[in-house]
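Following: one structure in structure tokens, then a few remarks.
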Amino acid sequence: MSTQPGVSIIVNCYNYDRFIEAAIDSALAQDHRPLQVIVVDDGSTDGSWALIQGYGACIEARRQDNQGQGAACLHGLSLARHEIVVFLDADDILEPHAARTIVEAWGDGVSKVQYCLAVIDEHGVPDGNVFPKFGKGLSPEAARAEIFRTGSYPDSPTSGNAYARDFAAAVLPLVAHHDSFDGELNGLAPLYGDVISLDRPLARYRIHGSNKYAQGALAVERFSAYLRSVEHRTAFLREHYRSKGQTIGQDVLDHDLKYLEYALVVEKLDRKEGPGRRGVWSVAALAIRAALRSPYSPMHKAVRIAWLCALAAAPRGLSSFLVEQRFIPARRIALLTWLATWRQRPRPPLDGSVSVL
């Protein structure tokens, strides 16, 4: 009988009939056992449910009225039998060694293992970009410290995380119906245990135009939407940490590098006046300070600071170009793509086999 923890992979789907089979196939292809694959269809109106049913007894399939991604994940969690759970978006793909690598990194007191994602396009073609950039210095202690300093820490979107089932069961019901439930789930993880960061891609993240914040073309409103989402998430985290006797300060977003980078983009490209606007150079100064104090490598800090200074000083036309080069890989010129990804190249699997990336 295996003494290793099992993994339950919960695939959530809504109107992704063009992607769902690739997601399910990648879950079933894991080289770790024990394994459970659960698929929850969130009231799709396309052909998703028929495709899901075609897998028969290979998976545990459920269908619910459309309630949102978080509710679908919560439904799947109620069926999970194993100690570790992965919420896989139906448009993403796991590497065959993902579950095994997660289990190898697991340990007592772990609430989450997070890992990098390799970006692919709508057709599954890699573009060479790998994110997030965790770096070697993001220990569990550093992730916990970042929460109290900035209100967040470098983390992955939904498909880039494996959670302790007990942790997810305790907090997902609190956030499942929130707009940014995965960000809130990640933000709570350091409060309930250790966050282990693996600086290698274990899944592929598909950019196809329907992603919430990932962009294939420059859309300033998505940057604004991200800022609102982070503000709501931070308010929730502050209250939950307070209920556990922990204090997240009121000014943490003034130290959050990613938030400030997005805020700078809005200051430069959105000409609408509104409350909370602080001016380009005020935001840039905060962002530069945040970069200097971030847990990234000196080279990474230097690149981020150079971009911040260039964006703050650039005229509007050049500003759009700089934002595209930073945030939209599809628009990035070849040299900058190489510079942005040469330190992120996917590492070979731990067993020496060839990665499919």
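Residues that are at pLDDT below 85 number at least 2 in the following helices (runs of 4 or more DSSP H) confined to the range 275-338: 316-327. Of the residues making up the range 141-152, those that are touching a Gly at 6+ places or on another chain (Cβ under 8 Å) and either assigned to a helix (DSSP H, G or I) or open to solvent by less than 10 Å² (accessible area, probe 1.4 Å) (or both) number 3. Condition check: surrounded by 17 or more Cβ atoms within 10 Å (Cβ to Cβ) and under 16 Å from residue 55 (Cα atoms). Does residue 39 satisfy that? It is true that residue 39 is surrounded by 17 or more Cβ atoms within 10 Å (Cβ to Cβ) and under 16 Å from residue 55 (Cα atoms).
Let's see how each residue does on (1) of a type in the set (D, E, K, R); (2) under 19 Å from residue 207 (Cα atoms):
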| residue | (1), (2) |
| --- | --- |
| 20 | no, yes |
| 46 | yes, no |
| 64 | no, no |
| 75 | no, no |
| 80 | no, no |
| 88 | no, yes |
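If I ask for residues that are part of a helix (DSSP H, G or I) and of a type in the set (A, V, I, L, M, F, W, C), which ones from the range 153-169 would you list? Of everything in the range 153-169, those that are part of a helix (DSSP H, G or I) and of a type in the set (A, V, I, L, M, F, W, C) turn out to be 167, 168, 169.
Taken over the range 234-256, the criterion of being more than 16 Å from residue 144 (Cα to Cα) and in a helix (DSSP H, G or I) is satisfied by 235, 236, 239, 243, 254. Checked against the criteria, residue 180 does not count as open to solvent by 20 Å² or more (accessible area, probe 1.4 Å) and more than 22 Å from residue 287 (Cα to Cα). Among the residues of the range 9-28, not a single one is touching a strand residue (DSSP E or B) at 6+ places or on another chain (Cβ under 9 Å), surrounded by fewer than 18 Cβ atoms within 10 Å (Cβ to Cβ) and either of a type in the set (S, T, N, Q) or assigned to a loop (DSSP other than H, G, I, E, B) (or both). Restricting attention to the range 234-273, the residues that are closer than 24 Å to residue 220 by Cβ, of a type in the set (A, V, I, L, M) and touching a Phe, Trp or Tyr at 6+ places or on another chain (Cβ under 7 Å) add up to 3. Only one of the numbered conditions (1) within 16 Å of the chain's Cα centre (by Cα); (2) open to solvent by 40 Å² or more (accessible area, probe 1.4 Å) is violated by residue 83, and that is (1).
The values are calculated or read from the model by the stated rules, or taken from the named source; none is laboratory data. What you see is a predicted model, and the numbers here were worked out from it, not measured in a lab. Cβ coordinates were reconstructed from backbone atoms using ideal geometry, including for glycine residues, and neighbour counts include every protein chain displayed. When the accessible area is computed, the model is the full protein with side chains, heavy atoms only, and any ligands, DNA or RNA have been set aside. Shrake-Rupley method; radii C 1.70, N 1.55, O 1.52, S 1.80 Å.
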